[in-house]
Each structure stands twice: as structure tokens, then as C-alpha cells.
Amino acid sequence: MLGKIMSRDSLLLWLIALPGVLHFVVFRYVPMLGNVIAFQDYSIFSGIADSPWVGFKHFANMFTYEEFYQILTNTLLISLYSILFGFPAPLVLALLLNEIRKAWFKRPVQTLLYLPHFLSWVIVGSIFINLLGTDGFLQTILGWFGLPKTDYLTQPDYFRGILVSIGIWKEMGWGMIIYLAALSGINPNLYEAAMVDGAGRFRQMWSITLPSLMPAIVVLFLLRVGHVLDSNVEQVLVMLNPLVRDVGEVIDSYVYRVGLLGAQFSLTTAIGIFKSLVGLLLVVGLNTLSRKTTGESIY
């Protein structure tokens, strides 16, 4: 009788999990079979079966393409800036918000902070293009003080910083939610014991809060590093213009421009495989290093 009940419960669990499993199989694993076109001169008219095999030709072309290293440099710089300045932002924001004791003030502030996440990049990009443009609101304020007008989005020296800053502003409130969830799981008795010992708020944060958050920090950092060659292609496509293409063109926008618009499907698939391999090696390597040094890892 017990075996029948357990069998029925297991069947129900499998039925509940089935939509999710099918989603990953159909939309994640089956499309991976299309990576074979990186080793073909793929034609949409011939299909995968009849397209000629060319081996590693497109990988060789990728590394000999004159603009590839500039695009790779742009991608790495923007990703490293995002990690350096953007990764700590949600953590700092969560720590600051955690210090607010008035619930009537804390909840509206939290809502306002993660609200930008739900705005599309078309809306956000349009806001900042109009804000930072030659006739934008910021330029109007600068004009009041007699300062010269500058279209910052067409200046190569400013573009990467603006791109990273806007990305941080839009997503740091959403990333903060994970840290707030981890903060809620910390035993309050630890803080009470620290207060008895005379520890102040900063000391409690340093000795209790941050060590308790370390597993979440390590996991999120490793996952972020695995996407070091990925860029927010929607943001780049909205904000990129010909005057800053030399510093703003990233791998994803290049794949869109050359692969989709230029129909070079095999070359862009080879670039995608290269990105995946780099991400995999970084995650495996840093995960091993983290496990040996801090004892925390994702597997």
C-alpha cells in the first residue's frame, strides 16, 4: 500500500516537472545540434544535411578577421567594468537597505529600486538618449551655467562608462533581491550576541552579515564570470551609433549585424561556440580556485 502511494506521489512530481523538462529539452538541448553548422559552409537553401563540411575554416577566419580583436577587447572591457563596478552594487544596496528599520519607508524604496528592471531597453535607451543628447535635459542645465554642450553618447571617451553606468542603474535593484533573501535567513541571535559583546553596526556587518552572505556572493560571482563574453545586446543595439562603433561594438552586436543581417550563419555560430568554451573554462577554473581557497563553490 505504501509503495503504491509513493509511486503515485512520484508520478505526480514527474508530471509537475514535465513542462519544465520539456522546455529545456526542446529550447535548450535540441538547438545545440545546430552548432554543427560552424563546421560547414551552411546555406539555408541546402540545409544542414546538404551543406558542405569545411572543418575549422570559420574558426580560423574568426581569429584572422581584422576587426575581431578590437571587438573582443571592447567586449572584455565592458564586461570587466560591469563586474568591477556592477557586481558589488546590488550587495552594497542590500546592506544599506537592510539597515532601514522603518517598514513603511523600506518597502516603497525597495519597490522603486527594482522598478527599472521591468522597463525595456528601448524605453531606458530613449530616456538616456534624450537626457544626454545635445538638446537634452542635462545639456539644458549645463547651458544655464554657461558650460558647452556635449553629446556624450557620440564621444568614444564617455561611451563605455555611460553604457556600464546605465546597466548598473537598471539592474542593481533586481540583483539586490537575492541578497535580501539571503539576509533574511541569517539567525538574529547572532546579532543579539554581538550587541551584548559591544559590537556596533559596522562590526556586525563585517563579522556576521558578509560571512553569512559569502555562499551567495561566490555563486553569483562565478555565474557572472561565466558570461564575461556576453553583453546586453539589446542595450548595445539601442545606444550604439557609428561614431562610437570602434569602442562600443561587442561580440553579440557583431553577431547580430553580420550573422543575421549579413547571413554569415556559420561564422557567427563559430563565434558562439568560442564564447561558450571561454565561459565554461572560466567557470570551471574559478570554481576550483574558490573551492580550494574559500571552501565555497557551485559544485
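Taken together, the values in this text are just the output of simple stated rules run on the coordinates, not laboratory data. Predicted, not measured: the structure shown is a model, and the values here were computed from it. With ideal geometry, Cβ positions are generated from the backbone for all residues, glycine too; neighbour counts draw on all protein chains shown.
Residues of the range 29-71 with the amide nitrogen closer than 17 Å to a label point 7 Å from the Cα of residue 299, along Cα-to-Cβ, please. Residues passing the 17 Å test: 29. Couplings 3J(HN,Hα) for the range 29-44, derived from phi with the Karplus relation 6.51 cos²θ - 1.76 cosθ + 1.60 (θ = phi - 60°), are 8, 4, x, 5, 5, x, 5, 5, 5, 5, 9, 10, 8, 6, 10, 5 Hz, where x marks Gly and Pro.
Among the helices of the chain, those built from whole DSSP H runs whose Cα atoms reach 24 Å or more along their own axis and whose mean Kyte-Doolittle hydropathy is at least -1.0 are 2-24, 156-184, 265-293. Rg/Rh for the range 1-129 (Cα atoms only, Rh after Kirkwood) is 1.16. Could you list the residues of the range 109-141 with an amide nitrogen less than 12 Å from a label point located 7 Å from the Cα of residue 169 in the Cα-to-C-beta direction? Output list for this probe position: 116, 124-133, 137-138. Expressed in units of 2.2 N^0.38 Å, where N is the residue count, the Cα radius of gyration of the range 61-293 is 1.22. The modelled label-to-label distance between residue 65 and residue 273, using points 7 Å beyond Cα along the C-beta direction, is 1.5 nm. About its Cα centre, the chain has a charge dipole of approximately 960 debye under the convention of +1 per Lys or Arg Cβ and -1 per Asp or Glu Cβ, with nothing else charged. Counted residue by residue at 0.36 nm each, then reduced by the alpha carbon distance between them, the extension gain from residue 30 to residue 130 reaches 31.8 nm. For the range 242-299, pairs of C-alpha atoms spaced more than 13 angstrom apart make up 69 percent of the total. Under a 5 Å amide H cut-off, with hydrogens placed 1.01 Å from N, residue 199 pairs with nothing among residues at least 5 apart or on other chains. Computed from the C-beta positions of residue 202 and residue 76, the FRET efficiency with R₀ = 41 Å rounds to 0.70. Our helix-only sum for the chain, with -39,500 (n - 2.57) per DSSP H run of n ≥ 4 divided by its residues, gives a mean residue ellipticity at 222 nm of -20000 deg cm²/dmol. Between the amide H of residue 40 and those of 54, distances stay under 5 Å, these residues lying 5 or more places away or on another chain, with hydrogens modeled in the peptide plane.
Under the simplified labelling scheme, the residue 227-residue 48 pair shows an inter-label distance of 2.6 nm, with each label point 7 Å from Cα along Cα→Cβ. Across the chain, the relative contact order, built from alpha-carbon pairs under 8 Å that are at least six residues apart, equals 26 percent.
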